[in-house]
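What follows is a set of notes on a single structure, which appears directly below.
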Amino acid sequence: KSCQTEKISTAETAVQSHTSRDAGVQTDQSKDAVQDFQQEVQVDYTSLLSFLQRVEDGVVKELNKNWKSRAFDGFEVNWRDQNETVLCLHTLSYPEAQDQNLQVTSISWNATGSVVACSYGRLGAGDWSTEKSYVCTWNLDRRGLNPQRPDVVVDVPSSVMCLAFHPSQPSLIAGGLFSGELVVWDTGRTEDPVIWRTGMTDDTHTDPVYQVNWLPDAKHRNHAQLLSVSTDGKILVWREDRDGRLALAKGFAMLAQQRCLFFSQFAWGEAAVGVTSLSFSHFDPHVFVVGVEGGYSLKCSTAAETLALHRTGSSVPLRAPAELGFSVYSVSCSPFHRQVLNLFLSCGTDGQVHLHSMLQAQPLVSFQLSKKYLFCVRWSPVRPLVFAAASGEGKCNKCFCFTGAVHLFDFEKSLQKPAVSIKQAAGESPVYCFEFNVKQPQLLAAGDAAGTVKVWQLSSDFTEQGPREINHLEQLASEITD
């Protein structure tokens, strides 16, 4: 007898587990959690200080060793990810000055690099007594910046031709006026910002002041002196005096009688040679270069002892500073180390930029940039092979019309053509002035005849120094000289 069990049913099936993944979730911390976290953090500052003191010598030793190492000299990367874009960050203006058709005559960055100031006036066409003008400042780091409403506006009874922030006190600005007077304003004072002025005396310039510079005072470390240049042929140094006055400390006179000036177009005598710009050497505090109306740039020295044969009522004897003439509207000395500090740039009414050496009279190289005047030239504060020049014309890449422009040159790319031409203003408005920002080298501010200040952000191409760049400039200068 057989026995059959019930049929057993079987089946096969696939089972797949769920996939998993990691995800980050960020939540806002509550105030209680933050307080609990802060309470848990306890630092033993005594032990930390003891540790830092123990390792200081070793760390400094290794840093010095790395700094002196030449292991990577000549190394060049085989990739390039730099951004070649130049962007306009801000377009600043003061409508009341523009309504009077005033021009931006000068620009300066303050000691922190966050505040830009401009002066309003008229280049070559002002009035000694009735031409009202302004000095305006904008803090670019301030929240809610209004491009057409300056943070500070100083009313000035005469056209302001130039200005310069104090090198260490962010609120002090010195300005040179069309009347020949120098004024120092404290923008932190709301009621009466004038703290020093020269007044109108026998020592005051008799022509417009075209540049003013702050100089360290050798006798008083906490004070600074002011240097001013004018088309009356005088270079004057001023010191603080009592009752808010600036007193003349010393002075120089540029006269055609000084034969070392090589001014053959002047009749020998006491004709003054107008000074339009000045730049001090960065390695010798006594050496400076001036640009003069005769179309020359001159190497000068504050240590000069020769008296200028000049009949004047000045309270101090004026000396003749010129040592060597160069064959200018603006000059700029190289800010880099000694080997290339003998180099300087100049530009002028011939539309050419000249690269000079202080060791010879003739320029190393000259090239035509514009058919119109060049008003300003500046060496980059961070890249030895980069400089900029401002002109009354420049080609727009979109419509190929000509307009005021700032031309950025990179000798690494070309000796003759600008790497970038920045369109500043439409129409026939030339760019009169511009300044690199030393504290924030990616910023450049430029002012034009239309009364507008534009703040440009430069790409890393113009702000990051390449390998052995100073050596390249030295080699370039030596090859041109040979």
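Any read-out appearing in this document is the output of simple, stated calculations on the displayed coordinates, not a laboratory observation. Fair warning: this is a prediction, and the values are worked out from it, not measured in the lab. Reconstructed Cβ throughout: ideal geometry from the backbone, glycine too, with neighbour counts over all protein chains shown.
Computed values, structure above
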| item | result |
| --- | --- |
| Pairs beyond 32 Å (Cα-Cα), from 250/417; 234/413; 68/250; 250/371; 132/234 | 250/417; 234/413; 68/250; 250/371 |
| Burial order of peptide ranges 404-411, 64-71, 52-59 (average beta-carbon count within 10 Å, highest first) | 404-411, 52-59, 64-71 |
| Per-peptide average of other Cβ atoms within 10 Å, ordering 281-293, 225-237, 343-355 highest first | 225-237, 343-355, 281-293 |
